[in-house]
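Q: Got a structure here, written out as C-alpha cells. Questions coming.
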Amino acid sequence: MHAFCMLRRIGALVVAVVLCAAPVAVGVPVAGGQSAPGPAPAPLIPRRGTGTLVRVGVAAFAHPARRADRGAGVLPVLSHAGKALQPSASPNGSAVAVAPLSVPGGSTSVSVTPTDTLTSLDSQVAALGSDQGVEPPDTIVATSGSQLVEMVNDSVTVWSVSAAGALALASGPLDLNSFFYVPSGYTFSDPRVVYDPVGQRWIASGVAFTASGGSAIVLDVSATADATGNWTQYEGDVSSTLIHDQPKLGMSGEQVVLSWNDFLLGSLYEGATTWVFDRAGLESGSVLGAATFGPDSNAFSIVPASVVSGSTEYAVWNDADCSYSGCSTGSPSLGVVEIGGTPANNSVTWTTYNPALAPMSNPPAALQPAPGNAIDTDDDRLLGAVWSNNTLWTAGNDACTPPGDTAVRSCLRLIQVDLSASPRILQDFDAGAAGAELYYPAVALDGAGNLAVAFSASSASLPASVGTAYQLASSAAGTLSTGPWIESGAGAYVDGTSSPRWGDYSGAVAVPGSAAGQLWGAQIWVAGEYAAQAGTDDWGTAAAELSLGSAGFPTGANSLALSADPTTLGANSGETSQITATVTDSTGAVVSGDPVTFSDAGTCGTLSPTSEQTDTNGVAKAAYAAASTPGACTITASDPSGASASVDVTQVSNSLALSADPTTLAANTEATSQITATVTDSTGAVVSGDLVTFSDAGTCGTLSPTSEQTGTNGVAGTTYTAAKKAGTCTITASDSSGGSASVSVSQRNGRH
C-alpha cells in the first residue's frame, strides 16, 4: 500500500501539507508476459490523449537570478508519491545471499578525485528562495565528460570538469521552476537528467503538479552540448486529476523514454504509464509524437535504462513484491521490457519478460545517531538501471541480515540481467553492512563492464553519509567490494518529524566513451547526500569521479614506496621525521582512499597517526617523533592489499665540545675556571634549548650551576671553583641524547 504525501520546509520545520492518503488496491490483475506491438490497454480508465508533447518555449540557462518567494506554506513541494504506508509482511532479511560491505569504507584498488561538496538545502534557500526548502534531496547527475550537471529537487547547477576530474562552478544554481515550463499554480519536482553523446544534447525531465492533485510532464532538451546554453521547453499529458509521480528517464540510440506512476487525486494508484519518443526528432524539435503504454496497474515504478546506442531500449521494474498492485505472473519476478522502433515511423514495439527473481521486502527505517529518528528508506522499488553490451544492472532497497549481524537492516539489492537473448538473471543479491544501514543505491558501468554503486549509509554511530562500492567484471558473482568513502555526515539529521525523509535517489553515471564504438569511458561520477549540519534538516550533496581504468579495476597487491625525511634525529631532541607512503596499483596508477597502516619496531619514539588514507596523489603521511635514547627505529607501512615497505630512522647522540679556561688553578684558593659546553646535532648545527648537566670526579672543588640549557649559540656553561688541595678534577658535561664530553682542571700548591 502506498501514500502520497507532500512536505515543505518552513524555517527549521518540515510539515505535511494538503495531501496524504493511502490508496487502495483496485481492479483485476491483467495477464502479463508477451504483448503485441502497440500501446497496452488501460485497465482502469480510458486512455488520456494522444501522447503529444507541446513545445512551449526556450529556457535560457544563464540567468540564475533569485526568483520571488511564493510565500511560506502557500504551495507545497512534492516530496514523494507512492510511498509505502505499510511495510510488507515481515521483512525476509535472508531471501538471497548478502555481500558484506564495511562502513565507512576504504578501497585498495580505486582512485578517486577530491570529493566536491555540491550543494545543500540551506545554500539553495539562500540562493533561490524559501520554496527550495524541501526534502528529500533527490540527487541526480549526468556528465558529458567536460561538464557535470546536478539536479536536486528544484535547482540545477552546471560544473566544469578538469582533465584531473576536479569541479569548478560553471553556472547556477538555477530554479527548476523557471528552467522547466511550470505554469502558474504548479510546482516542479522529481528531476531527471541524461546526456546523449551521440546527439550531443542534454535531456532533462520532471513533473509539475498542483496542490489539488493535478500534474503535467515537463521536459527540456539542450540546444548544444553546452549545458549552460539555451534549452527547448516541452509540456505534455496535462491532467487536473492525476499525479504523474516520479517520472524516470532513459534513452537508447533512437528513443527517449519516460515512465511514471499515475495516482488519481494523489491517492488511488492507477498504474505505470510509459511514453516513447523519437530521440532525433525530440532533440531537433521536429517530431513531437509519442507512443504511449499504460496505465498498467500490474506494474509499478518502471525504470528505463541508459543504453546510449542501438535501436532497442530496455526498462525494468520490481515484480517480486505484489503489495503495490497485481503481479504480472503471479510469482516473484523481474519485469523486463524491450522497446523497439520509433514513433517517427510508427514502428514502436513493447515486449515484456518476467525472469524469476527472489522475493524482496520493504527495508526497515535506517538508524542514525541520536537525537535523530530513524530515516525513512521508503520501499523496495527499483531506482535506476544501466545497460552495456547486452547486460543490464538495476538496484533498489531491500531488507536483509548482513553477515555477522543478527538484525534485519536496510540493504542494497543488485540485479544483473543478460539481454543477449530472452532476458535471464545472472546475479541477484543483497549487499549489507553489519550494524549499519545502506539505502538508495545508484548504479553505473564503465567501458570495461565494471560496476560502481553509490549509496547512503548510516548507523547508530554513523551520521547519514555517502559511500561507494564496486564489482569488477572479473569478480565472482554475488560479490561487492567497499569503495572510497565520499562524504561523512556531520551529525544527526533532524527534520522535526518522526521519520525523516531521505533519498529518493543517489547518482551514478559513466563518462561517455571517447573511442569509436565505446559506449562508456573509464571514469564514473558518483553523487549522494549527507547530513551537512548536526541536529538540523540541512542535507548536503557531494560528488567524486571514480577512475576505473579502461582495462578495469587493478587486481592483486598494490605497490608501496616509503620514505623518511630526515632519516637521522637527535635522541630525546623533540625532532620529527616526515614519513611518506606512496601507493600505486598494478598498472602504476596512484591509489587514493587506500587505508595505510604505520607501525614501528626497535628503538622507537612515537608515530602519529598510525593509519591514514591516501590522498588523490596516492600519498599517506605520518609524523615520527624521536626516541629518548640513541638507536635505530624501523618504520613499516602496509595496506589491506598486502603491500608493505619499511624505512629506518636513527636516533643519534648530540656532539658536545667541552673546554675549561683556565685549565690550571691554585689549590686552596678561590680561583675559578669557566667551563663551556657547545652542543651540535648530527648535521653539525648548534642545538639550542638542550639541557646540559655538569658533574665532576677526582680532586674537585665546586660546580655552579650543575645544569644549564644551551642558548641560541648552542652553548651552556658553569663555573668551577678550585679544591683546597692539589690534584686533578675531571669535569663531564652530558645531555639527554646521550652525548658527553670531559675536560680536566689541575689544582697545584705554591706559586703559579
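The values are calculated or read from the model by the stated rules, or taken from the named source; none is laboratory data. Model, not experiment: these values are computed from the prediction. Cβ sites come from the backbone with ideal geometry, for glycine too, and all protein chains shown count toward neighbours. Just the protein is used for accessible areas: all its heavy atoms, side chains included, with ligands, DNA and RNA removed. Shrake-Rupley method; radii C 1.70, N 1.55, O 1.52, S 1.80 Å.
Q: With the condition kept exactly as written, say whether any residue in the stretch 596-607 is without any contact (Cβ under 8 Å) to a residue 24 or more places away in the chain and of a type outside the set (A, V, I, L, M, F, W, C).
A: Residues of the stretch 596-607 without any contact (Cβ under 8 Å) to a residue 24 or more places away in the chain: 606.
Narrowing further to those that are of a type outside the set (A, V, I, L, M, F, W, C): 606.
Yes - at least one qualifying residue is present in the stretch 596-607.
Q: Restricting the search to the stretch 144-160, which residues are modelled with pLDDT of 90 or more, open to solvent by less than 20 Å² (accessible area, probe 1.4 Å) and touching a Leu at 6+ places or on another chain (Cβ under 9 Å)?
A: Across the stretch 144-160, the qualifying residues are Leu148, Glu150, Met151, Val152, Ser155, Val156, Thr157, Val158.
Q: Here is a further query. If Gln578 meets every condition in (1) assigned to a strand (DSSP E or B); (2) open to solvent by less than 60 Å² (accessible area, probe 1.4 Å); (3) modelled with pLDDT of 90 or more apart from one, which number is that one?
A: Evaluating Gln578 over (1) assigned to a strand (DSSP E or B); (2) open to solvent by less than 60 Å² (accessible area, probe 1.4 Å); (3) modelled with pLDDT of 90 or more leaves (2) as the failure.
Q: For the stretch 581-608, give me the residue count where each residue is assigned to a loop (DSSP other than H, G, I, E, B) and modelled with pLDDT of 90 or more. First the steps, then the outcome.
A: Residues of the stretch 581-608 assigned to a loop (DSSP other than H, G, I, E, B): 585-589, 591-594, 603-605.
Filter once more, keeping what is modelled with pLDDT of 90 or more: 603-605.
Going through the stretch 581-608 one residue at a time, the tally reaches 3.
Q: OK, next. Please work out which residue is farthest from Val596 (Cα to Cα), limiting yourself to the stretch 638-657 and to residues that are surrounded by 19 or more Cβ atoms within 10 Å (Cβ to Cβ) and modelled with pLDDT of 95 or more.
A: Among residues in the stretch 638-657 that are surrounded by 19 or more Cβ atoms within 10 Å (Cβ to Cβ) and modelled with pLDDT of 95 or more, the one farthest from Val596 (Cα to Cα) is Val649.
Q: Let me ask you something else. Can you tell me how many residues in the stretch 344-356 are on the phi < 0 side of the Ramachandran plot, surrounded by fewer than 22 Cβ atoms within 10 Å (Cβ to Cβ) and not in a strand (DSSP E or B)?
A: 5
Q: On the given criteria, is Ala473 open to solvent by 20 Å² or more (accessible area, probe 1.4 Å), aliphatic (A, V, I, L, M) and touching a Gly at 6+ places or on another chain (Cβ under 7 Å)?
A: Working: open to solvent by 20 Å² or more (accessible area, probe 1.4 Å): yes; aliphatic (A, V, I, L, M): yes; touching a Gly at 6+ places or on another chain (Cβ under 7 Å): yes.
Here the answer is yes, as Ala473 does meet what is asked.
Q: Looking at (1) over 25 Å from Thr664 (Cα atoms); (2) in contact (Cβ under 8 Å) with a residue 24 or more places away in the chain; (3) open to solvent by 60 Å² or more (accessible area, probe 1.4 Å); (4) not aliphatic (A, V, I, L, M), which is the only condition Arg748 fails?
A: (1)
Q: Also, quick follow-up: Looking at this structure, is Ser682 under 19 Å from Ser628 (Cα atoms) and either in contact (Cβ under 8 Å) with a residue 24 or more places away in the chain or open to solvent by less than 40 Å² (accessible area, probe 1.4 Å) (or both)? Reasoning before the result, please.
A: Working: under 19 Å from Ser628 (Cα atoms): yes; either in contact (Cβ under 8 Å) with a residue 24 or more places away in the chain or open to solvent by less than 40 Å² (accessible area, probe 1.4 Å) (or both): yes.
It is true that Ser682 is under 19 Å from Ser628 (Cα atoms) and either in contact (Cβ under 8 Å) with a residue 24 or more places away in the chain or open to solvent by less than 40 Å² (accessible area, probe 1.4 Å) (or both).
Q: Have a look at Ala227, Ala280 and point out the one that is more than 22 Å from Glu313 (Cα to Cα) and either modelled with pLDDT of 90 or more or surrounded by fewer than 23 Cβ atoms within 10 Å (Cβ to Cβ) (or both).
A: Ala227
Q: For the stretch 176-190, name all the residues that are closer than 18 Å to Thr210 by Cβ and open to solvent by less than 20 Å² (accessible area, probe 1.4 Å).
A: Kept after step one, since they are closer than 18 Å to Thr210 by Cβ, are these residues of the stretch 176-190: 176-178, 180-190.
Result: Leu176, Asn177, Phe180, Thr187, Phe188, Ser189, Asp190.
Q: Just one of (1) more than 38 Å from the chain's Cα centre (by Cα); (2) open to solvent by 30 Å² or more (accessible area, probe 1.4 Å); (3) of a type outside the set (Asp, Glu) trips up Ser611, so point out which.
A: Ser611 satisfies every listed condition except (1).
Q: Sticking with this structure for a sec: For a quick check of your reading: which strands (runs of 3 or more DSSP E) sit entirely within the stretch 663-752 and have at least 3 residues that are more than 30 Å from Thr650 (Cα to Cα) and out of contact with any helix residue (DSSP H, G or I) (no Cβ under 9 Å at 6 or more places or on another chain)? Steps first, answer last, please.
A: Details: elements: 664-666, 672-680, 691-698, 702-704, 707-709, 715-721, 727-735, 740-748.
Once the strands (runs of 3 or more DSSP E) in the stretch 663-752 are filtered for at least 3 residues that are more than 30 Å from Thr650 (Cα to Cα) and out of contact with any helix residue (DSSP H, G or I) (no Cβ under 9 Å at 6 or more places or on another chain), what remains is 664-666, 672-680, 691-698, 702-704, 715-721, 727-735, 740-748.
Q: What are the residues in the stretch 370-394 that are part of a strand (DSSP E or B) and either open to solvent by less than 20 Å² (accessible area, probe 1.4 Å) or on the phi > 0 side of the Ramachandran plot (or both), if any?
A: Those that are part of a strand (DSSP E or B) and either open to solvent by less than 20 Å² (accessible area, probe 1.4 Å) or on the phi > 0 side of the Ramachandran plot (or both): Ile375, Leu382, Leu383, Gly384, Ala385, Val386, Ser388, Leu392, Trp393, Thr394.
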